[in-house]
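Only one structure is covered here, and it is reproduced in the block below.
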Amino acid sequence: MVSIRLARGGKKKKPFYRIVAADSRFPRDGRFLEILGYYNPVVEPKDLKMNIERVDYWVGVGAKMSQTVENLRKKALEKK
């Protein structure tokens, strides 16, 4: 099953997240199918970029979004 979730990057105490579509069996920071955006919570204001069209495509073919990605999606839609 495909899930849309965050993959952590960056270094210690300075996280950076990619929003990815990945098979649920793949490791959190491992293999993924497609990068759908990114989220940087360290900078002020928090930096968020998400390709809403691709997220909608993956949800349309049966992908499940994590709760955090759902919240970020709502914020991304508010910014537009």
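Values computed for the structure shown
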{"quantity": "Charge dipole (debye, nearest 20) of the chain; +1 at Cβ of Lys and Arg, -1 at Cβ of Asp and Glu", "calculated": "400"}
{"quantity": "Unsatisfied cross-links (Cα-Cα over 19 Å) in the set K14/K79; K11/K64; K46/K74; K12/K79; K14/K46", "calculated": "K14/K79; K11/K64; K12/K79"}
{"quantity": "Backbone HN-Hα couplings from phi across region 62-70 [Karplus 6.51/-1.76/1.60, Hz, Gly and Pro as x]", "calculated": "x, 6, 9, 8, 6, 4, 5, 5, 4"}
{"quantity": "Reachable aspartates and glutamates from K49, criterion Cα separation under 14 angstrom, eight or more residues apart if same chain", "calculated": "E70, E78"}
{"quantity": "Surface share of carbon and sulfur [accessible, 1.4 angstrom probe, percent] for the chain", "calculated": "53"}
{"quantity": "Whole-number percent relative contact order across the chain, with pairs defined as alpha carbons under 8 Å at least 6 apart", "calculated": "29"}
{"quantity": "Ellipticity estimate at 222 nm from DSSP helix runs (n ≥ 4, -39,500 (n - 2.57)) divided over the chain, nearest 500", "calculated": "-8500 deg cm²/dmol"}
{"quantity": "Within straight-line cross-link reach of K75, aspartates and glutamates at Cα separation under 14 Å, skipping those fewer than 8 residues along the same chain", "calculated": "D47"}
{"quantity": "Principal axis dimensions, largest first and in whole angstrom, of the chain by Cα", "calculated": "35, 30, 18"}
{"quantity": "Among I52, I19, I35: highest mean-square fluctuation, GNM of the chain, C-alpha pairs under 10 Å", "calculated": "I52"}
{"quantity": "Accessible area (Å², per residue) of the chain, counting only protein heavy atoms and a probe of 1.4 Å", "calculated": "67"}
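The values are calculated or read from the model by the stated rules, or taken from the named source; none is laboratory data. Note that the structure is predicted; figures quoted are calculated from it, not measured. Quick reminder, even Gly has a Cβ in these numbers, built from the backbone with ideal geometry, and neighbours come from all protein chains shown. Keep in mind that these areas ignore ligands, DNA and RNA; they rest on the heavy atoms of the full protein, side chains included. Shrake-Rupley method; radii C 1.70, N 1.55, O 1.52, S 1.80 Å.
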